[in-house]
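The values are calculated or read from the model by the stated rules, or taken from the named source; none is laboratory data. The model shown is predicted, which means the values in this text are computed figures rather than measured ones. Don't worry about glycine lacking a Cβ; one is built from the backbone with ideal geometry, like all the others, and counts go over all protein chains shown. Ligands, DNA and RNA are excluded from the accessible area calculation, which covers all protein heavy atoms including side chains. Shrake-Rupley method; radii C 1.70, N 1.55, O 1.52, S 1.80 Å.
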Amino acid sequence: MFGSTRRESVKRMRLGLLLVTSALVVGTACGSTDDSADAGSAEAPSSAFPDNPATGTPVRIGVINPEGGPAISMPDNRRAAEAAAEYANAHLGGIGGHPIELEICAAKEDPASNQDCANQMVEKGVAAVVVPSSGHGAAMVPIITGAGIPYMTPSGTTPAELTSPSAYALNSGFPGSLAAMANYAAEQGYQKVAAFVIDTGAVIASTQALGDSTFGAAGVELKIAPVTPGTPDATPQVSAGLADGVDAVAVIGDATMCTSVLRSMMTLGADQAKMIIQPCLDPSVIDAVGDSLDGATAFLGADIDSDEPEAVLYRSVMERYAPDADINGFTFTGYQAMLGLIRAAEGLEGEPTSAAIDDAIKTAVDVPMPAADGITFTCDGTAMPGMPAVCANQGIIATVEGGKATDPKVGQ
């Protein structure tokens with residue numbers, strides 16, 4: 001969908017740009033407590049829940065999830081991972097016929113805590129580790145993969161997660177999304193795009209560098225407008241960003257920043273086309289800005305709202321095995337990472353040792369991506385040049401209508 005330019009621009013990405021993703025992971029972690037009962041109404045067919053319980057000896061899988069920290073806590077990610085494991089144990093034969101037993105470690109999203117969780121996983125002898133979301137992969141990956149244990153996450157945020165042997169990132173995350181935005185902008189004929197970017201750490205400098213290698217390669221001028229985290233009224237920044245006749249805007253930040261920028265656009269009567277990432281679809285944003293996001297283009301890591309089979313399965317599994325969890329925001333990452341591991345290891349034969357699971361992941365081809373209809377992943381190191389741990393270079397592009405991502409399509 002996005003054309004061949006994306007492949008060329010991706011080759012020029014620098015691993016240092018992953019600081020952008022790391023900061024966004026931390027910044028977008030706290031979601032709404034609203035439920036999503038008004039998402040797609042379809043229910044998964046009975047064929048998605050076959051009577052195939054796991055009966056062998058248990059296989060222990062570790063889950064390291066940010067919970068209980070002073071700035072970030074995402075318990076629903078863990079609940080989603082638990083739901084996926086329960087679903088697999090009851091209906092998919094677990095992993096290679098072996099029921100999954102989870103070893104949970106709540107990390108406080110600081111290097112010491114995450115490192116401690118990684119050491120615990122090694123001490124407990126888990127066969128694999130799933131990390132739904134974290135900005136501290138660098139503290140965990142060397143310990144886990146150094147012990148011969150495969151490490152899987154939906155979207156890596158550090159070079160260690162995207163380059164280390166036996167580390168697997170299911171998708172290309174924010175760098176891929178920005179590259180897709182650039183090529184979409186070129187396809188739409190936009191000459192200049194203003195990117196409102198959360199001003200945290202090295203995010204601005206990194207986004208500028210990534211913009212040079214993506215928007216620049218696509219022939220689109222990118223104007224970056226920094227927005228300080230927690231800014232309640234971003235009207236001055238938005239007004240400055242919209243000067244000089246921009247054709248479209250990109251909003252790159254957490255839910256609070258999305259709300260501030262979008263409200264300011266409403267105040268200014270700005271009608272430029274909008275490109276957003278997943279945090280801008282948080283229910284708190286939709287509640288605050290109403291239908292002003294209708295028509296925006298969303299670049300996503302998952303489709304959880306549509307009536308496509310994978311989205312329906314996600315909602316059905318969560319309803320059955322984690323009915324009290326909020327399925328919005330980044331909750332899907334726990335489900336996607338756990339079920340991704342389970343699907344990748346489907347061809348495992350014999351005992352589910354770390355080495356056997358690692359080999360199964362490496363040799364699995366075109367595995368359906370959970371909660372992302374039409375996308376498959378292959379973890380053989382070829383999906384993203386320079387990032388051998390990335391397993392897929394595709395994402396989802398959708399149109400926002402009524403606060404939901406509609407008409408999702410796969411972009412490459």
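Per-structure values
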{"read-out": "Complete set of residues in segment 91-101 that are open to solvent by 50 Å² or more (accessible area, probe 1.4 Å) and either over 13 Å from GLU346 (Cβ atoms) or under 22 Å from the mean Cα position of the chain (by Cα) (or both)", "value": "GLU101"}
{"read-out": "Selection count where residues are more than 18 Å from the chain's Cα centre (by Cα), surrounded by fewer than 21 Cβ atoms within 10 Å (Cβ to Cβ) and under 29 Å from ASP110 (Cα atoms), scope segment 49-81", "value": "5"}
{"read-out": "Which numbered condition PRO226 misses (of (1) open to solvent by 40 Å² or more (accessible area, probe 1.4 Å); (2) farther than 15 Å from VAL261 by Cα)", "value": "(2)"}
{"read-out": "Test result for ALA248, more than 21 Å from the chain's Cα centre (by Cα) and under 23 Å from ALA186 (Cα atoms)", "value": "yes"}
{"read-out": "Among (1) buried (at least 24 other Cβ atoms within 10 Å of the Cβ); (2) touching a helix residue (DSSP H, G or I) at 6+ places or on another chain (Cβ under 9 Å), the one test that ALA311 misses", "value": "(2)"}
{"read-out": "Checking THR214 against (1) of a type in the set (S, T, N, Q); (2) closer than 23 Å to GLY411 by Cα; (3) outside any helix (DSSP H, G or I), the condition it does not meet", "value": "(3)"}
{"read-out": "Scan of segment 102-126 for residues that are under 20 Å from the mean Cα position of the chain (by Cα) and of a type in the set (A, V, I, L, M), ordered by number", "value": "ALA106, ALA107"}
{"read-out": "Pair list, Cβ < 9 Å and 6+ apart or interchain, from segment 230-258 residues that are on the phi > 0 side of the Ramachandran plot and free of Cβ contacts under 8 Å to residues at least 40 places away in the same chain to residues that are in a helix (DSSP H, G or I) and open to solvent by less than 60 Å² (accessible area, probe 1.4 Å)", "value": "GLY230/MET257; GLY230/SER260"}
{"read-out": "Matching residues in segment 279-295 - criterion: being of a type outside the set (A, V, I, L, M), surrounded by 20 or more Cβ atoms within 10 Å (Cβ to Cβ) and within 15 Å of VAL249 (Cα to Cα)", "value": "CYS280"}
{"read-out": "Selected residue (criterion: farthest from ASN328 (Cα to Cα)) from residues of segment 242-262 that are open to solvent by 10 Å² or more (accessible area, probe 1.4 Å) and not in a loop (DSSP other than H, G, I, E, B)", "value": "LEU242"}
{"read-out": "All positions within segment 263-278 that are open to solvent by 10 Å² or more (accessible area, probe 1.4 Å) and either within 18 Å of the chain's Cα centre (by Cα) or among the polar types (S, T, N, Q) (or both)", "value": "THR267, GLN272, ILE277, GLN278"}
{"read-out": "Any hit, segment 371-386, residues being surrounded by 24 or more Cβ atoms within 10 Å (Cβ to Cβ), under 19 Å from GLY62 (Cβ atoms) and aromatic (Phe, Trp, Tyr)", "value": "no"}
{"read-out": "Counted residues, segment 203-223 - those being modelled with pLDDT under 80, open to solvent by less than 20 Å² (accessible area, probe 1.4 Å) and within 21 Å of VAL261 (Cα to Cα)", "value": "3"}
{"read-out": "Filter result for GLY334 (small (Gly, Ala, Ser) and more than 18 Å from GLY94 (Cα to Cα))", "value": "no"}
{"read-out": "Residue match in segment 106-118 (condition: in contact with a His (Cβ under 7 Å, 6 or more places away or on another chain), open to solvent by less than 10 Å² (accessible area, probe 1.4 Å) and within 17 Å of ASN65 (Cα to Cα))", "value": "yes"}
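Rundown of residues vs (1) over 18 Å from SER292 (Cα atoms); (2) assigned to a helix (DSSP H, G or I); (3) at pLDDT 85 or above, yes/no style:
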position: GLY201; (1), (2), (3): yes, no, no
position: ALA225; (1), (2), (3): yes, no, yes
position: GLN237; (1), (2), (3): yes, yes, yes
position: ALA240; (1), (2), (3): yes, yes, yes
